[in-house]
């Protein structure tokens, strides 16, 4: 959609510039790069097209259900802390079949706090709502901004290097894995963590 507006943007460039940002910040950065405002309704059209793309192609990350099941068997409490709006999280979880694991009360959004990732606000909010101190929380993140936010919140963080290079996640302080199931031994051994 940015290319359609005259700002030629590849998928790699979009990931580098925008991955991990809340949409209002994506809009700001895109307009700065474009040198003008995007048309009225551009963001709403982006969200509509994204939802259609998700409907057609979104699949769960391999190993996600297995990791969640292992954490639940181990008595761990889990939540989602996303940069996206709660409606986007609801849609994504439904399409991937993971919604049964995450009730509405354990879904958190950067739109509920003053600042999104890379700031710690979202992680601190989620921990407080879940009833845990930061020292008892572990975060699994797939973006550098998410890793930075979790680290600045004082939480242990693992980086899932699926769509993001492991080196980018490690640079901001994550221990990385390339498969979610690789986290099962690390996260089901230590007692008392969220």
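The values are calculated or read from the model by the stated rules, or taken from the named source; none is laboratory data. This is a predicted model, so every value here is computed, not measured. Don't worry about glycine lacking a Cβ; one is built from the backbone with ideal geometry, like all the others, and counts go over all protein chains shown.
Scanning segment 90-109 turns up no residue that is surrounded by 11 or more Cβ atoms within 10 Å (Cβ to Cβ), out of contact with any strand residue (DSSP E or B) (no Cβ under 7 Å at 6 or more places or on another chain), in a loop (DSSP other than H, G, I, E, B) and not assigned by TED's automatic domain parsing to the domain that holds residue 140. For residues that are part of a loop (DSSP other than H, G, I, E, B) and surrounded by fewer than 16 Cβ atoms within 10 Å (Cβ to Cβ), scanning just segment 6-28, find the one that is farthest from the chain's Cα centre (by Cα). Once the filter is applied, the top-ranked residue is 6. Set side by side, the residues 84, 75 differ, and just one is loosely packed, with under 14 Cβ neighbours inside 10 Å, in the same structural domain as residue 145 (by TED's automatic domain parsing) and either without any contact (Cβ under 8 Å) to a residue 40 or more places away in the chain or touching a helix residue (DSSP H, G or I) at 6+ places or on another chain (Cβ under 8 Å) (or both), which is 75.
The set of residues in segment 32-46 that are surrounded by 15 or more Cβ atoms within 10 Å (Cβ to Cβ) and within 23 Å of the chain's Cα centre (by Cα) comprises 42, 43, 46. Summed over segment 110-120, residues that are closer than 18 Å to residue 88 by Cβ and either without any contact (Cβ under 8 Å) to a residue 40 or more places away in the chain or buried (at least 23 other Cβ atoms within 10 Å of the Cβ) (or both) total 5.
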